[in-house]
Each structure stands twice: as structure tokens, then as C-alpha cells.
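S.K.: Have a look at the structure that comes next, please.
Read the figures in this text as sums done on the coordinates, not as results from a lab. Only a predicted model underlies this, so the values are computations on that prediction, with no experimental measurement involved. Methodologically, a virtual Cβ is constructed for each residue, glycine included, from the backbone with ideal geometry; neighbour enumeration extends over all protein chains shown.
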Amino acid sequence: MRTVRFFLIIAVSLAAAVRFPAASAQGPAAAGRAPTTTGVVFDDVRIFDGVSGRLTGPSNVLVVGNVITSITSAPIADPPGTTVQRFRGNGRTLMPGLIDNHWHTMMVRPTPAQLLAGDYGYMYLMAGAEATATLMRGFTTVRDLGGPSFGLKQAIDDGTVVGPRIYPSGAIISVTSGHGDFRQAFELPRAVGAPMSRQELLGAAMIADSPDEVRVRVREQLMKGAVHIKLTGGGGVASPHSPLDVSTFTTEELRAAVEAAENWGTYVGVHAYTTASIRRAIEAGAKVIEHGHLMDEATAKLIADKGVWLSTQAFPEELGNAFPPGSFERGKFMEVLAGTDETYRLAKKYKIKTAFGTDVLFSEGLARQHGALLAMLTKWYTPGETLVIATGTNAELLALSGKRNPYPGRLGVLQEGALADLLLIDGDPVTNIALITDPERYMVVIMKDGKVYKNTLRN
């Protein structure tokens with residue numbers, strides 16, 4: 001009894017000690033003081049709104065907290081009770097933050113060997129550094145299409161790490177020998193009840209070979225915090241056992257994933273290059289086709305008719321350098337590269353809902369060219385159209401996550417009521433999109449969620 005009484009006394013004393021500072025903060029000095037709100041005013045800017053593809057005339061923009069609250073041609077006074085930071089735009093361009101809709105947060109900097117056998121603590125540190133670099137390139141949001149990014153997302157959201165908003169899918173879900181299966185021959189055959197492979201234990205990719213297994217793996221990712229689901233419906237470039245022409249999941253397996261995701265109010269995106277794999281994914285109810293570089297014209301029309309999204313990429317030839325010359329992977333990459341022009345031609349012809357992403361893997365150097373990869377779209381679109389795709393259009397795809405959306409509110413647009421992810425560009429990117437390719441020089445202010453992360457403005 002004495003021991004219990006002693007610990008009770010200690011507990012009460014500690015609680016009082018913990019409460020005391022908080023109580024003192026509410027003393028006479030703080031009494032009656034109204035809470036202070038922070039705000040930012042951008043004076044004399046031209047606005048790219050993420051929708052129209054054009055710049056406005058001289059405008060002024062007020063951000064209060066993390067929301068754009070006013071856009072007007074009239075001067076904006078400091079709102080009462082608000083501490084305001086002002087940026088004099090002097091005719092510079094204010095636009096929404098850029099969005100990459102096919103990103104692999106954990107796979108940009110490591111080599112394939114590091115990813116498969118390296119220390120994962122080190123890889124998380126690399127991913128954190130890359131996340132900061134991504135934001136400093138003006139990409140305020142990324143849609144992650146495979147990998148264990150949940151921890152990094154949490155660290156960014158709570159302010160531990162500086163980086164973009166992350167819409168995670170969790171582990172890539174694949175079949176045995178499919179795109180995403182990086183197991184070695186000595187790990188086969190997989191026995192029932194046997195330990196998982198390293199890639200599965202790390203949450204990078206999961207193997208599912210029946211509708212029931214698919215349901216389990218999808219539900220696991222949703223439980224971890226996935227806001228959409230990624231399945232590999234056909235062969236892929238980086239995987240060593242996955243020819244491009246192969247269709248992997250059956251229609252029933254894909255449908256099981258779609259049903260499980262829809263039960264959670266979200267959707268499935270399917271990695272698919274070929275006509276056969278795309279058609280099977282659409283039949284199963286997938287909402288997004290990832291890639292599509294080898295589709296035929298009839299399939300492009302089907303995508304458009306069904307209202308399915310195409311999240312595709314203008315791959316640079318340099319991306320193939322991640323694979324040794326003459327390798328199986330390099331050959332597959334060159335085949336995909338050759339289909340890029342036709343894919344964009346068909347997307348434009350049939351007015352397919354087309355999103356932009358990069359799918360950068362295993363190359364920090366290529367990641368530094370983030371803006372240049374976006375600018376490559378000007379081969380098929382005007383600069384204004386290109387920037388709309390990377391802002392307002394990409395945000396529409398993000399919204400497919402519905403109630404699983406981790407960042408409720410409007411992204412990708414510069415409109416009253418939208419979330420304040422903003423870039424102040426020193427120049428007019430609609431006229432000269434090359435400004436986006438040199439963020440260090442031309443992105444003078446970078447804001448995410450109402451917070452300024454970069455300010456090199458010199459008025």
C-alpha cells in the first residue's frame with residue numbers, strides 16, 4: 001500500500017509540474033489577447049490559375065492560414081488580427097504548385113542493387129533528402145505509385161522533413177514473375193506459410209496470385225494508409241522476369257482489387273503498356289491506366305469512351321541509362337520509348353483525360369531535370385496546356401481518392417478557397433516554359449500549405 005501511495009504522489013506531482021507552464025501562459029499578460037492569424041499577400045502579380053492556360057492582368061492575392069482567401073485587382077489591406085508577410089511581385093507570375101502524378105518516393109536515388117539489398121535506414125534518409133529537393137523544384141504534390149512511403153509522408157506532414165504532399169499507394173501489387181517481382185530464383189518455389197521475401201517485408205511490392213490474395217494485399221495497403229491502389233496488369237521495364245507483352249493478373253483478380261478499393265471509396269490504377277493489358281484493366285473497372293505506351297488506336301478510343309484516365313510519361317532516352325547496355329531491361333525501355341509519340345497523338349485525338357508524371361527511377365541526376373521532363377510535353381501541347389496538365393488536370397486525378405484524400409481541399413488551382421500551394425516565377429512560363437526547368441534561378445518563392453519554404457525575392 002505504501003508503494004502504491006508513493007507512486008500516486010509522484011504521478012500527481014509530475015502532472016502538476018507539466019500543467020504549470022501551460023497555466024502560466026494564460027496568465028494576466030495573455031488575458032484578453034486575440035489569437036494572431038498569419039497571412040501572406042502577393043502584390044502586383046499576373047496569375048496562372050491552373051485552368052485557363054493564360055495569365056491574368058495585374059492582380060493581388062491574399063493567403064490566410066493555408067487557404068487562398070482573396071484574388072482582386074484592388075489593393076489588399078492587412079486583415080484585422082492577421083500578421084501579414086508581403087511579396088511585391090512586380091509583374092511576376094503566380095501559379096499553383098506543380099504535381100507529379102507518377103512518382104516513386106523511395107526509388108529515385110538508390111540504385112537497383114541498393115534497393116534490393118541495401119540498408120533501408122540509409123534509403124529512407126536518401127528519400128527524405130530527395131523529398132526536400134522535389135519541393136525545391138516546385139513540385140508541391142506527388143502521387144506515389146509504389147513503395148513504402150507512409151513513414152516519409154507522416155514525417156513531411158508533421159514537419160519533421162521538408163517535402164511535397166504525398167498521395168501513397170503503398171506496395172506495388174504484382175503476380176509471381178510480374179512487374180514488381182524482384183525475387184531471385186533461389187527464393188522459388190514459394191511455399192504456403194513460408195517467410196516473405198525482402199521486398200514484401202519492406203512493403204515495396206507484394207505478390208498475389210489469386211483473387212483472395214489480391215483482396216488481402218489491397219486491404220493491407222489501405223490499412224497502412226494507402227489512398228489509391230497500384231496493380232501491375234502487364235509486363236514492365238525494370239523487372240527482370242517480366243516481358244512487356246505478358247498480361248499478368250486475370251480479370252477476376254483485377255476485379256477483386258477494384259472491389260476492395262471501391263469498398264474504401266477509392267480506386268485502382270493499373271500499370272499497363274499493351275492493348276491486351278489495358279483492355280483487361282478497363283474490363284475489371286480500373287479508373288486509371290498507368291503508361292499505355294504500346295496501345296493501339298481502338299484501345300485509345302475505348303479509354304476515352306469509358307472515361308478512364310491515362311497517366312502517362314514522356315520518357316527521356318536518358319532514363320534507359322539506369323539499365324546496362326544490351327540488357328533485357330534496356331531493350332524493353334527502348335520499345336516503350338518508341339511508342340511515346342503515338343501515345344500522346346492518340347491521347348490528343350480522342351481527348352483522353354491525360355495526367356502528367358515522370359516515373360523517375362534510380363537516378364538523382366534525372367530527378368534534377370524534373371521541370372525539363374515536364375517541358376518535354378510541349379512537343380504535343382502548348383506551354384499553357386502543359387502547365388494546366390501539371391496543375392489543375394493532375395489535381396482532378398488526385399481527387400479520385402474521394403474520402404481517402406489525405407489533403408481535403410482544392411489543389412492545383414489558384415482560386416479563392418483553394419489550398420495555398422503556390423510558386424512565384426520570375427517571368428512568364430506560358431511564353432517561356434524553360435523558366436520551369438531552372439527552379440533555383442526562376443522560382444523565387446515556393447509555398448506549400450500556406451507556408452513559405454523558399455524566398456529569394458529581391459524587390
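S.K.: If you take the Cα Rg of segment 362-434 and divide it by 2.2 N^0.38 Å, with N the number of residues, what do you get? It would help to have the intermediate numbers written out before the result.
M.R.: Details: Rg = 14.1 Å, N = 73, 2.2 N^0.38 = 11.2 Å.
After normalising by residue count via 2.2 N^0.38 Å, the value is 1.26.
S.K.: Starting from the amide H of Lys454, placed 1.01 Å from N in the peptide plane, find each other amide H under 5 Å away whose residue is 5 or more places distant or on another chain.
M.R.: It is Ile446, by chain and number.
S.K.: Rounded to whole Å, give me the distance from the Cα center of segment 151-185 to that of segment 387-430.
M.R.: 22
S.K.: Which loop-located GluC sites (Glu not before Pro) does segment 391-459 contain, where loop means any DSSP state but H, G, I, E or B and the Cβ has at most 14 other Cβ atoms within 10 Å?
M.R.: Loop-located and lightly packed - Glu416.
S.K.: Same structure again: Relative contact order for the chain using alpha-carbon pairs under 8 Å, separation at least 6, rounded to a whole percent?
M.R.: Normalised by residue count, the contact order of the chain is 18 percent.
S.K.: Let me ask another. State whether segment 206-281 is rounded, prolate or oblate according to the following rule on the C-alpha gyration tensor (a ≥ b ≥ c being the square roots of its eigenvalues): a/c under 1.5 gives rounded; otherwise a/b larger than b/c gives prolate, and the remaining case gives oblate.
M.R.: Working: a/c = 1.88, a/b = 1.69, b/c = 1.12.
Cα axes put segment 206-281 in the prolate bin.
S.K.: Need one number: nm distance between label points at Arg345 and Val216, each 7 Å from Cα along Cα→Cβ, rounded to one decimal.
M.R.: Once both label points are built, they end up 4.7 nm from each other.
S.K.: Let me ask something else. Given 0.36 nm per residue, what is the gain on full extension from Asn455 to Asp119 after removing their alpha carbon distance, in nm?
M.R.: 117.4 nm
S.K.: Using the count of nearby Cβ atoms within 10 Å as a rough guide to exposure, how do Arg404, Arg217 rank from fewest to most?
M.R.: Arg404, Arg217
S.K.: Right, another one. Could you give the dipole magnitude of segment 98-380 about its Cα centre, charging the beta-carbon of Lys and Arg +1 and that of Asp and Glu -1, in debye to the nearest 20?
M.R.: 600
S.K.: How do Ser210, Ser242 line up, fewest other C-beta atoms within 10 Å first?
M.R.: Neighbour counts put them in this order, fewest first: Ser210, Ser242.
S.K.: Can you tell me how segment 195-323 classifies by the Cα gyration tensor, rounded, prolate or oblate, using a/c under 1.5 as the rounded cut?
M.R.: Judged from the Cα gyration tensor, segment 195-323 comes out oblate (a/c at least 1.5, b/c at or above a/b).
S.K.: I need the peptides 223-229, 386-392, 335-341 ranked by packing, meaning the mean over residues of other C-beta atoms within 10 angstrom, with the highest value on top.
M.R.: Per-residue Cβ counts within 10 Å, averaged per peptide and sorted highest first, yield 386-392, 223-229, 335-341.
S.K.: What do you get for Rg/Rh over the chain if you use C-alpha atoms and the Kirkwood form of Rh?
M.R.: 1.03
S.K.: For the pairs Lys287/Lys353; Lys349/Lys379; Lys287/Lys448; Lys306/Lys349; Lys153/Lys454; Lys332/Lys379, flag any whose C-alpha to C-alpha distance is greater than 18 Å. Intermediate values should be presented prior to the final figure.
M.R.: Values: Lys287/Lys353 11 Å; Lys349/Lys379 15 Å; Lys287/Lys448 28 Å; Lys306/Lys349 15 Å; Lys153/Lys454 20 Å; Lys332/Lys379 23 Å.
Beyond 18 Å between Cα atoms: Lys287/Lys448; Lys153/Lys454; Lys332/Lys379.
S.K.: Tell me, how many Å apart are the Cα centres for segment 217-282 and for segment 48-74?
M.R.: Using only Cα atoms, the two centres lie 39 Å from each other.
S.K.: Please figure out what share of the DSSP beta bridges in segment 98-380 is antiparallel and state it in percent, rounded to the nearest 5.
M.R.: Antiparallel bridges make up about 5 percent of those DSSP assigns within segment 98-380.
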